[in-house]
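Peer 1: Before anything else, here's the structure in question.
Please treat every number below as a calculation from the coordinates, not as lab data. Note that the coordinates shown come from a computational prediction; the quantities given were computed from them, not determined experimentally. Glycine also receives a Cβ, built like all others from the backbone with ideal geometry; neighbour counts cover every protein chain displayed.
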Amino acid sequence: MHYIIHCLDKPGALPVRLENYTAHRAYLAEAPVKIVISGPLVADDNETMIGSCFLIEADSKDAAVAFNAADPFAKAGVWASVNVHPFIKRQDNR
């Protein structure tokens, strides 16, 4: 099943995000789920990172939540909110 994980940073979290960026990338490279696509959410200036978005394949919502909870950004307290939703991919125009 596909899951969308939508995370918004706490106000002022950018320095903590940047401090943990290398660990976050390393974690994603060895992820226990299949990452279909992921990347930072950015502010209206199109460059300041304000969150994260993932489209993953996982066996269950619990697995998706566990994947997110083990992320170095989560452990460092970067995100103010995290929402995990099952997602039905109907179209892919790549």
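Peer 1: Need one number: nm distance between label points at residue 30 and residue 66, each 7 Å from Cα along Cα→Cβ, rounded to one decimal.
Peer 2: Here the answer is 1.7 nm between the modelled labels.
Peer 1: Reachable aspartates and glutamates from residue 75, Cα under 14 Å, same-chain residues fewer than 8 places away excluded?
Peer 2: Candidates past the 8-residue exclusion: 9, 19.
Peer 1: Which part of region 58-94 falls in the paramagnetic zone of residue 43, meaning amide N under 18 Å from the point 7 Å along Cα-to-beta-carbon?
Peer 2: Inside the label zone: 78-81.
Peer 1: Further, regarding this structure: With θ set to phi - 60° and the Karplus curve 6.51 cos²θ - 1.76 cosθ + 1.60, what are the ³J(HN,Hα) couplings of region 74-88 in order, to the nearest whole Hz, using x for Gly and Pro?
Peer 2: 5, 5, 7, x, 5, 8, 7, 9, 9, 10, 10, 9, x, 9, 9
Peer 1: Which peptide among 27-39, 6-18, 68-80 comes first, and what is the full order, when sorted by highest mean count of other Cβ atoms within 10 Å? Show your work: numbers first, answer last.
Peer 2: Values: 27-39: 12.6, 6-18: 15.2, 68-80: 17.1.
With the highest mean Cβ count within 10 Å placed first, the list reads 68-80, 6-18, 27-39.
Peer 1: Would you please give the FRET efficiency between residue 92 and residue 19, computed as 1/(1 + (r/R0)^6) with r the Cβ-Cβ distance and R0 = 25 Å, to the nearest 0.05? Spell out each step's value before the answer.
Peer 2: On the way: r = 35 Å, r/R0 = 1.39.
That pair, residue 92 with residue 19, gives E of 0.10.
Peer 1: Students often get this wrong, so try it: which of (i) 68, 31, 15; (ii) 32, 31, 19; (iii) 35, 27, 21 is Cα extents along the principal axes in Å as calculated from the structure shown?
Peer 2: (iii)
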